[in-house]
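The values are calculated or read from the model by the stated rules, or taken from the named source; none is laboratory data. Just so it is clear, the model here is predicted, and its values are computed rather than measured. Reconstructed Cβ throughout: ideal geometry from the backbone, glycine too, with neighbour counts over all protein chains shown.
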Amino acid sequence: MITRFDHGVIGVRDLEAALAYYRQVLGLDARPGGRHTGRGTHNGIVRFGLDYLELLSVCDPAEAAATGLRGQVLLRFLEQRPGGLVGFCLATDWAELLAGRLRERGLDVTGPFEMERLRPDGRLLRWRLVVPGGVAWRRPWPFFIQWDVPDAERLVWEPPGSHALGVEGVVGVAVLVESLEAGRELYVAKLGFEPVAAEDYVAELGAGRLRLRYGPVSVELLAPQGPGPLRAELEEVGPGPFEFRLKVADPERARRFLTGRGVRTVEVSWVDGGLLIDPDQALGARLVLVREAVL
């Protein structure tokens, strides 16, 4: 039922400025995506293949707030910081069945419900969402999408970009959770993921780690076990996506590209060969460049 990683969502305050920055500074071909009907939000798309990064911003605060907790959480997040990771989405080929299975396993879900986005070229994209807990933003779980427009047609409407940074796709997500026990219950017992390694400890983050997989989808759970950046993040904005891992063919070339544009990168020990783009220079997003999938 869960078929692949679909997209990661990065909240930004100013969409036009974010699109220009991602293209001109980070070397990621970000293009206007359009406006979500009745949601008070609009977006930009950094497309790799069927997978992509979404730059999500509020264009009508009153309309966004009127959508309920989902819009209000996004508004509060963007009031606190200029941007950052807010959610991630997995594709499904049968939203109704997935929602029913998740309910059978004791997970409260909303949907499937319909959404749509009016693209700048006038085309209307439609899809259905399944959202655990009714809120997708800054939560430890993914949300799920079933597209009404066939994949091949969507790629004609929104073709993969030409990314000067050399990114080829999203190969993993690290999720901040309050405890590995709670994370295991959510991901293994309810969502159906399988552990691919024993729990371990990441000293640099002060966190316990559990690595999981569902088919081609790789998720790493991180839980603070002492002082450190994860504890600070959890106290500030709560659980949710912590890092997106992006595949590049040549990390050293990517590092030189970013250095040439004044963007700092840091080698991270918890991802083999991982190169973290300074979040302050990625509009608050934690993006780690890797040569291969990390699990």
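One residue stands out in region 190-211 among those that are in contact (Cβ under 8 Å) with a residue 40 or more places away in the chain and not small (Gly, Ala, Ser): the one that is farthest from ARG255 (Cα to Cα), namely LYS190. Is region 222-243 home to any residue that is more than 27 Å from GLN80 (Cβ to Cβ), of a type outside the set (Asp, Glu) and either assigned to a helix (DSSP H, G or I) or modelled with pLDDT of 95 or more (or both)? No, because not a single residue in region 222-243 is more than 27 Å from GLN80 (Cβ to Cβ), of a type outside the set (Asp, Glu) and either assigned to a helix (DSSP H, G or I) or modelled with pLDDT of 95 or more (or both).
Residue pairs whose Cβ atoms lie under 9 Å apart, separated by 6 or more positions or on different chains, with the first residue in region 249-262 and at negative phi and the second assigned to a helix (DSSP H, G or I) and at pLDDT below 95, do not occur.
Does TYR187 satisfy the criteria of being without any contact (Cβ under 8 Å) to a residue 60 or more places away in the chain, part of a helix (DSSP H, G or I) and among the aromatic types (Phe, Trp, Tyr)?
Against the criterion (without any contact (Cβ under 8 Å) to a residue 60 or more places away in the chain, part of a helix (DSSP H, G or I) and among the aromatic types (Phe, Trp, Tyr)), TYR187 qualifies.
In region 43-51 there is no residue matching the filter, namely being surrounded by fewer than 20 Cβ atoms within 10 Å (Cβ to Cβ) and in a helix (DSSP H, G or I).
Taken over region 130-159, residues that are in a strand (DSSP E or B) and over 15 Å from the mean Cα position of the chain (by Cα) amount to 4.
Every residue, every condition in (1) at pLDDT 95 or above; (2) exposed (fewer than 14 other Cβ atoms within 10 Å of the Cβ); (3) under 14 Å from LYS190 (Cα atoms); (4) of a type in the set (A, V, I, L, M), yes or no:
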| residue | (1), (2), (3), (4) |
| --- | --- |
| LEU78 | yes, no, no, yes |
| CYS89 | yes, no, no, no |
| LEU102 | yes, no, yes, yes |
| ASP108 | yes, yes, yes, no |
| ARG119 | yes, no, no, no |
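If you go through region 138-146 one residue at a time, do you hit one that is surrounded by fewer than 19 Cβ atoms within 10 Å (Cβ to Cβ) and at pLDDT 95 or above? So far as region 138-146 goes, no, none of its residues is surrounded by fewer than 19 Cβ atoms within 10 Å (Cβ to Cβ) and at pLDDT 95 or above.
Selection of first residues in region 1-28 that are acidic (Asp, Glu) and of second residues that are surrounded by fewer than 23 Cβ atoms within 10 Å (Cβ to Cβ), restricted to Cβ pairs under 6 Å at least 6 apart or on distinct chains, gives the following pairs, ordered by first then second residue: ASP6/CYS89; ASP6/ALA91; ASP6/ILE145.
Of all residues in region 202-214, those satisfying the criterion of being in contact with a Lys or Arg (Cβ under 7 Å, 6 or more places away or on another chain) and surrounded by fewer than 23 Cβ atoms within 10 Å (Cβ to Cβ) are VAL202, GLY206.
Return the total of residues in region 53-67 being in contact (Cβ under 8 Å) with a residue 60 or more places away in the chain and surrounded by fewer than 22 Cβ atoms within 10 Å (Cβ to Cβ). If you could, list the steps in order and put the result at the bottom.
From region 53-67, those in contact (Cβ under 8 Å) with a residue 60 or more places away in the chain are 53; that's our starting set.
Applying the additional criterion that residues be surrounded by fewer than 22 Cβ atoms within 10 Å (Cβ to Cβ) yields none.
Residues in region 53-67 being in contact (Cβ under 8 Å) with a residue 60 or more places away in the chain and surrounded by fewer than 22 Cβ atoms within 10 Å (Cβ to Cβ): 0 in total.
Sort out which residues of region 218-238 are surrounded by fewer than 22 Cβ atoms within 10 Å (Cβ to Cβ), touching a strand residue (DSSP E or B) at 6+ places or on another chain (Cβ under 6 Å) and not charged (D, E, K, R), and write them in order of number. Scanning region 218-238 gives SER218, PRO224, GLN225, LEU234.
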